[in-house]
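The values are calculated or read from the model by the stated rules, or taken from the named source; none is laboratory data. From a predicted model like this one, the values you see are computed outputs, not experimental measurements. Neighbour counts are summed over all protein chains in view; Cβ atoms, including those assigned to glycine, are modelled from backbone coordinates with ideal geometry. The accessibility values were calculated without ligands, DNA or RNA, using every heavy atom of the protein model including side chains. Shrake-Rupley method; radii C 1.70, N 1.55, O 1.52, S 1.80 Å.
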Amino acid sequence: MANNLNDLFKKELFKRIISVIFFVPLVLLPIFLNNYSVLFIYLLFNALILAELIHMKSNRMSAILINIYALITIFSFFAFIFLFINKSYTNILLVEFILTIWLFDTFSYLGGKLIGGVKLMPSISAGKTISGLIIGTLVTIIVMQLYKYLIYDFQLIYLFQSICIIALSFLGDVTASVIKRISQVKDSGNIMPGHGGLFDRFDSFIAVFCFFGLIKLF
């Protein structure tokens, strides 16, 4: 564990912190500015992710999966923009969704790196561990429920909401891992040091807002 901790704080975590310093404001600030900011920034994210996906095509199977996933990605980003502009959810709630995704991703990563242990699905993703999944889930639920309790008081729907976002985030992450494994790439790009490409960072976002977009559509 000591070696894991030393490696984490020397390399990967430092890279991730640098990326987050630039990435977090770029994702969150448009939500508090205006419709045009959200439209421009999130369509730019969408375009860059689509470019990464196209670049990942390496065989017939990966091309088919990526084409399908590209449609899901487009729908997800437009669903997010629609939910924002239409005020289907408040700005604060949209930010809470995104923060829940980030908490789960961050603490799953930290838990897996610091504790290690049994691999969750080694044939799909060598980095995912059972300990990471457990730590990520527990910390995210605890943090979000404390936050909700302090701001809104406790309601069971908030717990269900967190669990739903965690499940969708995990599904999005696994789906991205499958696509990358079939495409025979480790990362979708290198635009974000410590993370890889934007696709690597938005995989959970795509799954979450595809689901909530479908809910509002139907």
**Message:** Give me the percent of accessible area attributable to carbon and sulfur for the chain, probe 1.4 angstrom.
**Reply:** 73 percent
**Asked** Which trypsin sites (Lys or Arg not before Pro) in region 72-137 pass both tests, a DSSP loop state and at most 16 other beta-carbon atoms within 10 Å?
**Response** LYS87
**Whole-number percent relative contact order across region 98-197, with pairs defined as alpha carbons under 8 Å at least 6 apart** = 25 percent
**Complete:** When the charge dipole of the chain is computed with +1 at the Cβ of Lys and Arg and -1 at the Cβ of Asp and Glu, the Cα pointing farthest to the positive end, of LEU29, ALA79, LEU110, is that of LEU110
**Asked** Which FRET efficiency value, to the nearest 0.05, do you get for GLN184 and ILE72 by plugging their Cβ-Cβ distance into 1/(1 + (r/R0)^6) with R0 = 25 Å?
**Response** 0.75
**Request:** Note the full-extension length gain between ILE124 and ILE163 as 0.36 nm times their separation in residues minus their Cα-Cα distance, in nm to one decimal.
**Result:** 11.7 nm
**Request:** For region 133-218, state which trypsin sites (Lys or Arg not before Pro) are in a DSSP loop and have at most 15 other beta carbons lying within 10 Å of their beta carbon.
**Result:** LYS186
**Request:** Consider the candidate values (1) 16.5, 47; (2) 17.2, 51; (3) 16.5, 51; state which one is Rg and Dmax of the Cα atoms in Å computed from the structure displayed.
**Result:** (2)
**Request:** Over the chain, calculate the relative contact order: mean separation of alpha carbon pairs under 8 Å at least 6 apart, over the residue count, as a percent.
**Result:** 27 percent
**Prompt:** MET121's amide H: which non-local residues (gap 5+, or another chain) put their own amide H closer than 5 Å, with H modeled 1.01 Å from N in plane and none for Pro or chain starts?
**Reply:** LYS128
**Asked** TYR89's amide H: which non-local residues (gap 5+, or another chain) put their own amide H closer than 5 Å, with H modeled 1.01 Å from N in plane and none for Pro or chain starts?
**Response** none
**Asked** So for ILE74, ILE66, what's the accessible-area order with a 1.4 Å probe, most first?
**Response** ILE74, ILE66
